Amino acid sequence: MASNMKRIFSLPERAHGDGPIKYAWQRSHGNYIATTGSDATAKIYDRHGDLKGFVTLPGRCTGLGWDQDGDTLAIVCDNSNGIFLWDTNSQKFSQIDSGLKDAMTFLLWSKSGSMLAVGTQKGNLLIYNHKTSRKIPIIGKHTKRITCGAWSAENLLALGSDDKTISISNADGDTLRQTQLRAEPSDVDFSEMKGDERSSIGENTVSVNIGKKTLFLFNINDPDNPIELAFQQRYGSIVAYKWFGDGYILIGFSQGYFVVISTHMKEIGQECFQARNHKNNLTSIAISSALGKAASCGDNSIKIHDLSDLKEMYAIITLEEERSLDSISWSDDGQLLAVTSPRGSMHVYLARLPMLASVCQTRIAYLTSLLELTVEDNIAQEDPLAIQVEVEPSFVGLGPYHVGVGMNNRAWFYFFGDSGPEQMKDSKEYLGTVHSMCLNADYAAVGFEGQVQLHMIEGDAAGASDERESRLFPDPDHKNCKITSHAMTSDFLIYGTSIGGLHYFYIEDWNFVVEHRHMAGIRKVFPDATGAHLVFIDEKSDGYVYNSADDTVINIPDFSPTVHGVVWENWPLDKGVFVAYDAEKMYTYVYCQTSVHGSRVLFVGASKLPFGQVPVLLYNGEITLQTPGGKVTNLLLATHTHVFNENPTELGPNDLKIAIQQCVNLKRFKDAWIYCSILRQADMWREVGKAALQSMDLDFAMRVYREIGDVGMVSSLQNIKNTEDKSQLCGYIAMFLGEFNLAQDLFLASQYPLAALEMRRDLLHWDSALQLAKALAPEQIPYISREYAQQLEFTGDYMSALSHYEKGVTQQESQRDHDEICAAGIARMSIRVGDIRRGVSMASKMPSKILKKECAAILESMKQWVEAAQLYEQGQYYDKAASVYIRGKNWGKVGELLNKITSPKIHAQYAKAKEADGRYKEAADAYKMAKEWDNVIRINLDHLQNPEEAVMIVRQTQSVEGAKMVARFFQKLNDYGSAIQFLVMSHCNDEAFQLAQQHRQMEIYADIIGSDATPEDYQSIAVYFDAENNHFLAGKFFLLGGQYPKAMKHFLKCNPEDGQAIELAIETVGRANDDMLTKQLVDFLMGDVDGTPKDAKYLFRLYMALKKYGEAARTAIIIAREEQNAGNYRNAHDVLFSMYQELKQNKIKIPAEMVTNLMILHSYILVKMHVKRGDHLKGARMLIRVANNISKFPSHIVPILTSTVIECHRAGLKNSSFSYAAMLMRPEYRNDIDLKYKRKIEMIVRKPDKTEEEEPLTPCPVCGFQIPETELLCPDCKNNLPYCVITGRHVLREDFCVCPSCDFPALFSEFLKMLEVEETCPMCSERIIKENIQKIQDPHKYIYPESNITKDGEGQDGDQD
């Protein structure tokens, strides 16, 4: 990336003698830079490189620095005890005596106030207050030279010394803290560590670079627990570090590395970012908070990063004339960047310009350097004009033919002539310091100190009268108001005042034409190109749109109180769009002058504003931004991202929906039509149609609804299209849009108010309809009253409902149904209001069952049991009738209705009554109907003597109380097994245990209790079996009860051949995680207890239970080796595979020996599959791999070598066949060859044919180097390569897949071929479905599996050493 920074000036080599130079930017302003070096002089330059101050020092400078306000520069040197001070106002040097006798080595101004700390060679300290001239000498602050230090914002002073200590003192020099370090400190700083809560003292941490090797963080609140961070040796030594953001530290290392770490305690020491910025070395770093940038220098280049995204390289500056660089520093405002070289040169670059710009139509004038202005028009594609200006401007104004710049109270104007920009002869002076300037074709309007001066740009233009040449606003008779903001269009000067005035001055008539008074003072005004519409922001930070044609003001919704400015859309077809912006976002709005709601402003959406950039021009949704680097850039607003597409047919459905929504929001209905035509979704068409209706574009809306076949809407719109009354038309549209209150207001304001009543009736809004009917149509009141009464009844207003039901009765035969509904309502409401006799009488006479139920429910709620039950019974609601009869204690009536009742609750109430009468059979049946099983069980056991029925019910219902009753019953019968079973079922474990203990039924109890017991239950059972010497069961229940040592003791007493006991012992150790128990079990398994070693599989399972995966892996390898030596290759393969998967699942690094053994065994297993499929070449290649590791197959050396010879011969690998045939002819193998093949093998050896095609080459999946397809070690990149579980060859990136079951890699094409004849994966033997095999495009994690694995299961946090 090339640099986008201009070099302002340079100092040549040896500007201060031999060697590097020291320098310091003026704080706060950055207008000066002070330099010094080996020639014992100090020079002060301004930002253009002009020398402003010079002094010859008595010795070499040992410290220089500016105070916080940038008013004073302080210098100390090694051969003087004086402090040299340079004042920026007088631009002269002065000297004060420090009073210290030894050489001064260090100098630093405080961050707040005007205190200067000076350190000396012998560790003494002086604190000098520049304002009061008070000097505080502190002798013996340190025992050796003070080398570095820092002030905190709270005026604490931290100092570092060659005596390997740091001290923290207050502003009076009193030592608050002192700590010893392991090496000499350098680069001390104060900051605040990132934490969950803010520190009460602010900057609570002192950071120190110790010996260039470690970073020491000393928390003042926690002095006993400092943090020392070391880093990787390859980074080199720490050159410098800087704090930034919320507790982050940027560190530069000598080997060119550029690292960011966090100081949050949860992340301490973790690297958030790392890059090698420089190849050979890094010499300095710098951070500009104002610019949001970080820079590093090294070799002969400067690299600048964006702090918000450090991966983003903002700029690279290469200094061709320098071999190396020494130091780098930003000015406080971030505008200038200085860099020096070891040979004494210095270069100053412009990193950020003042954000000055002005726009006229689509032309932009903006600063491109401190003394250069550029005018360009990207829309019209005009060549940019560069104008060299006299001074560094603080304001700029652009017109059609002129541009004006200036500073303080003076302005210069330039005319755009045919031969380029020409400076007009005289500058213009004003009555105060100018803050803004606006131009049109002839006039300039200049704002200064609450006034605006309007004057002709070319003062002696022909035909201009003196009166029209210049005018000062406001007029003298308005001295109480100040102009806060102004703007110009081609015809108007527009300004706002502090008392809320908004004034349009028409230049042609030289008079005011529009004056508006706002309720609050106006801060800023932003007119569109013509001035017809204007956005203004008042003192309350609210935004408004003002329409000068009809003098209306509309509030802007969702208006950010921090808005800096507004830019209107310049595209002719989108005039109502404007963008407001603050420091972080741009907010898009649309001003709709015509809509159903009247004039209004709609918020469309927000777009992110790039840091430090300022919007200057908006054209067709594209915003032009001025950057801090003196350039302009274009950005498409987030609200317009999908509006513009050259090929809309290529967009997906989601993108089309977004495009339609954006077009609708921006009122671009024609564009929305195009996207809807492609998407063809009815809901999106409706969205567009609705928006067109809201904007009162009826023709377009009808076109949309016609497109989707909405005949009803098209017909409705055609019916209202020619409505002349605008309020009535808007009312209909609002009604179609569902905005009924708005529609009613519009209808009532129209010439046809009955439309409001018609709408409310159609919408069933009876309350509103009745109110409208009283005024507009009284004959409709009975029908509306009925509906209104129903609504009032629902809301509980019964008196009003009764009144409206009575008003609803018409007494007309033709309205009989209507009158019946009213009569039913009268019956209900009469009961509700207490006239029970009338209501019951009316309900009984009317045939409606539902009415009887409704009235009965009301009576029941009023506790009128007799009337309620009678009405329920009349309406044939027998359950409800019985329930009410029970409340009235009328059991006779309940008995009459029993066969018609379905409610369990009523049956239960009836059953209790029958039980009280001693009629148990009827009671039991009634309890059954009520599903009250405990009562059924109780009656069967206690009264009916029917235990079989009770047991059956308990088993079916799992009733706890029922089980207790049955258990007690069986206990009386001495059936203890059944009693225990039912006691456990009823959760009476203690009683069940005691019963089992008394009657020696413990095994039954243990079997029944299962896994539902408590640890105390298990303890009791275990103690019992211990007393019975049943070691296995005692151990089992001690294990379940969590008493692992006792469990282990009993398991080890079991028969050594009892595998189940050993398995439970392993489980005990796994749960206990106790070293002593583990040792006991290991001794037992190794045979140290009884002299008989146990099967190695138990040792393997023990290690797995203990999560000692390394030992488990080694044991698995030993087991597999034994199986392999015994010739059980499939068993050995399965052992290794299962262990491999276990380690992989736990993210443990897999031992190389296990990987190799599994590969060789798998290659052997693949041979049978390939030969069976007739693929002898693949089989031969796998046999060659096996034969090369023949020592791992001691039981079958000869058969394997024989198969290798035969298969190689069949596959045409004659040379390989001869090699292994010759091996078989060795004396130790010859006699073991199968006679069937012996003669053939001898013939191969006697008549050798050594022809053999080279093995095909395929690319290495890591580096792409061409290697033989079965080679698993790349000779180029030296990587072990993953192999295909189908063919045994190394995998290929472009043909990669994995087994869906075991996740082992394979060649995609070969896997599919194999599945045509086989169903299982040769590695895991699981059945595989062809559709589950997916080609993997990026196999990185399989080719580099170590990236997902941690060694021995322990994570490695951080990247520091």
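The values are calculated or read from the model by the stated rules, or taken from the named source; none is laboratory data. Quantities reported herein were computed from a predicted structural model and do not represent experimental measurements. Heads up, the Cβs are rebuilt from the backbone with ideal geometry, glycines too, and the neighbour counts pull from every protein chain shown. Quick note on the areas: whole protein, heavy atoms, side chains included, nothing else; ligands and nucleic acids left out. Shrake-Rupley method; radii C 1.70, N 1.55, O 1.52, S 1.80 Å.
Odds and ends about this structure:
- For region 1206-1303, the Kirkwood hydrodynamic radius comes to 16.0 Å, computed from all pairs of different C-alpha atoms.
- Reciprocal mean inverse distance between Cα atoms of region 364-489 - Kirkwood radius, Å: 15.3 Å
- Distance in nm between pseudo-label sites at GLN771 and LYS1330 (7 Å out along the Cβ direction from Cα): 7.4 nm
- Two-decimal Rg/Rh across region 286-340, once Rg and the Kirkwood Rh are taken from alpha-carbon atoms: 0.96
- 10 Å-binned pair-distance histogram of region 85-156 (Cα, whole percent): 19, 49, 28, 3
- Efficiency of FRET between ASN647 and ALA682 - r from beta-carbon atoms, R0 25 angstrom, step 0.05: 0.55
- Volume of the convex hull of region 230-325 (Cα atoms only), normalised per residue: 87 Å³.
- Mean projected area (nm²) of the alpha-carbon convex hull when region 494-585 is viewed from all directions: 6.4 nm²
- Here is the size of region 1289-1329 from its Cα atoms: Rg then Dmax, 9.6, 26 Å.
- Rough spin-label spacing in nm, given labels placed 7 Å along Cα→Cβ, for GLU1271 and ASN511: 9.8 nm
- Global form of region 21-104, assessed from the alpha-carbon gyration tensor, a/c cut-off 1.5: prolate
- Spin-label model, ASP762 to ARG837: label points 7 Å out along the Cα-to-beta-carbon direction sit 5.0 nm apart.
- Largest first, the extents of the alpha carbon coordinates of region 65-221 on the three principal axes equal 48, 32, 26 Å.
- Considering only Cα atoms, the convex hull volume of region 713-870 works out to 137 Å³ per residue.
- Region 1154-1215 gives an Rg/Rh value of 0.95, both radii derived from C-alpha positions and Rh following Kirkwood.
- Probe 1.4 Å, all protein chains present, accessible-area order of LYS1178, LYS122, LYS1144, largest first: LYS122, LYS1144, LYS1178
- The Cα-based radius of gyration of region 1118-1167, divided by its Kirkwood radius, gives an Rg/Rh of 0.97.
- Stretching ASP174 away from ASP87 to a fully extended chain increases their span by 28.3 nm, per 0.36 nm per residue minus the current alpha-carbon distance.
- If you sort THR649, THR147 by accessible surface, 1.4 Å probe, largest first, the order is THR649, THR147.
- Cα Rg, Dmax, region 557-629, angstrom units: 12.8, 47
- Summed over the residues of region 284-364 and divided among them, the accessible surface reaches 32 Å² per residue at a probe radius of 1.4 Å.
- Coarse-grained scattering of region 210-279 at q = 0.11, 0.20 Å⁻¹, given as base-10 log I(q)/I(0) from a Debye sum over alpha-carbon atoms: -0.26, -0.83
- Placing one equal scatterer on every Cα of region 1240-1280 and applying the Debye formula, the log10 ratio I(q)/I(0) at q = 0.22, 0.23, 0.30, 0.35 Å⁻¹ is -0.67, -0.70, -0.98, -1.16.
- Counted residue by residue at 0.36 nm each, then reduced by the alpha carbon distance between them, the extension gain from ASN634 to ASP558 reaches 24.8 nm.
- Sites ASN654 and ALA230 - FRET efficiency at Förster radius 56 Å, r taken between beta-carbons, to 0.05: 0.65
- Region 561-697 - Debye-derived log10 I(q)/I(0), Cα point model, q = 0.11, 0.15 Å⁻¹: -0.43, -0.76
- Computed from the C-beta positions of GLU1255 and ASN280, the FRET efficiency with R₀ = 35 Å rounds to 0.20.
- Cα Rg, Dmax, region 309-349, angstrom units: 11.6, 34
- Extension gain, ARG816 back to ALA441 (0.36 nm per residue minus Cα-Cα distance, nm): 126.7 nm
- Largest-first principal axis extents, alpha carbons of region 462-546, Å: 45, 30, 16
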